[in-house]
Amino acid sequence: MSKIREAFQNGKAFIPFITCGDPDTETTYQAVLAAARNGADLIELGIPFSDPTAEGPVIQGANIRALAGGITTDKVFELVKRIRTEVSIPLVFMTYANVVFSYGSDRFIKTCSEIGIDGLIIPDIPYEEKEEFEPYCEKYDVDLISMVAPTSEDRVTMIAKEAKGFIYIVSSLGVTGMRSSFSSDLDAVVAKIREVTDVPCAIGFGISNPEQAEKMAKVADGIIVGSAVVKILEAKGTEAPESIGAFVKEMKEACLK
């Protein structure tokens, strides 16, 4: 079993997203520990990039703050090594193709494997171009996570058939950020996926409160929350980890209702 699959064995999975280095690596470290202790089943770690095209203003701001603070890919790798001394749940990176290319794809993904990263999400690489990274992911046993959207239509089945780890279902069009409404087609997307694979599905983009978490967890196998976590970091800075722990606990409980 893929280690990522284990994240979905404890009821509906709650997956928070944290931008590494926002506002500094010590705060990221403490925030990840707080999330893991309070019920996070898997954690997405963002490697900052200067042009994060999939992100709304909240996570863009986190990228800017982290980069201004001097975060680098190597510093993120060192941070993950430290996190892995305390945290055993699955960890995945979310970053952009240029970050991987500039580091060297083979070297980057090999390092991911060595430090205990279980999966990789690269939102600016479409399914048709995944061959840029998939051979390295297979070589080093790192799951390349596929993304689908309600507008993917006929491509949903094609993508799902080859999916690894979990399938990231984008809840609605546009960039990341908190929302009050979601696509009405999410049930149909999950049904299409279920026709061809038992790989778990998690819904992300826009979920920000327990009511939304409870509703989306009934549709999929888990939910992903990014902007709401990053807003806590933006508001509380180095004091954020305790609040993040409380938020994760509340959201995980909502997923299990």
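Among the helices (runs of 4 or more DSSP H) confined to the range 196-257, the ones with at least 1 residues that are over 23 Å from residue 23 (Cα atoms) and in contact (Cβ under 8 Å) with a residue 40 or more places away in the chain are located at 210-217, 240-255. Residues in the range 86-93: is at least one of a type outside the set (Ser, Thr, Tyr), surrounded by fewer than 23 Cβ atoms within 10 Å (Cβ to Cβ) and farther than 20 Å from residue 167 by Cα? Yes, the range 86-93 has at least one match.
Would you please name the residue that is nearest to residue 14 (Cα to Cα), looking only at residues in the range 145-162 that are of a type in the set (Gly, Ala, Ser) and outside any helix (DSSP H, G or I)?
Narrowing the range 145-162 to residues of a type in the set (Gly, Ala, Ser): 146, 149, 152, 160.
Remaining after also requiring outside any helix (DSSP H, G or I): 146, 149.
Numbers: 146: 18, 149: 19 Å.
Per the stated criteria, the residue is 146.
Contact map, the range 119-144: residues that are in a loop (DSSP other than H, G, I, E, B) paired with residues that are aromatic (Phe, Trp, Tyr) and modelled with pLDDT of 95 or more, Cβ distance under 7 Å, separation 6+ or inter-chain. Pairs shown: 122/133; 125/133. Search the range 228-254 for residues being of a type outside the set (Val, Ile, Thr) and surrounded by 24 or more Cβ atoms within 10 Å (Cβ to Cβ), and hand back the single one that is farthest from residue 165 (Cα to Cα). Across the range 228-254, the extreme among qualifying residues is 240. Scan the range 1-12 for residues that are of a type in the set (A, V, I, L, M) and either in a helix (DSSP H, G or I) or without any contact (Cβ under 8 Å) to a residue 40 or more places away in the chain (or both) and the total you get is 2. If you check 61, 70 for being of a type in the set (Gly, Ala, Ser), at pLDDT below 95 and over 24 Å from residue 189 (Cβ atoms), only one passes: 61.
Taking the options 43, 15, name whichever one is modelled with pLDDT of 95 or more, buried (at least 20 other Cβ atoms within 10 Å of the Cβ) and out of contact with any helix residue (DSSP H, G or I) (no Cβ under 9 Å at 6 or more places or on another chain). Walk me through how you get there before you give the answer.
Values: 43 fails: out of contact with any helix residue (DSSP H, G or I) (no Cβ under 9 Å at 6 or more places or on another chain).
Result of the check over 43, 15: 15.
A Cβ distance below 6 Å, combined with a sequence gap of six or more or placement on separate chains, defines the contacts here; from the range 101-117, residues that are under 18 Å from residue 43 (Cα atoms) reach residues that are assigned to a helix (DSSP H, G or I) and charged (D, E, K, R) in the pairs 115/81.
Taking the range 163-192, which residues are part of a loop (DSSP other than H, G, I, E, B) and at pLDDT 95 or above?
Here is the first cut: in the range 163-192, the ones part of a loop (DSSP other than H, G, I, E, B) are 163-166, 171-185.
Residues satisfying the conditions are 163, 164, 165, 166.
Scanning the range 96-118 for residues being at pLDDT 95 or above and outside any helix (DSSP H, G or I) gives a total of 4.
The values are calculated or read from the model by the stated rules, or taken from the named source; none is laboratory data. What you are looking at is a predicted structure, and each value in this text was computed from that prediction instead of being measured. Heads up, the Cβs are rebuilt from the backbone with ideal geometry, glycines too, and the neighbour counts pull from every protein chain shown.
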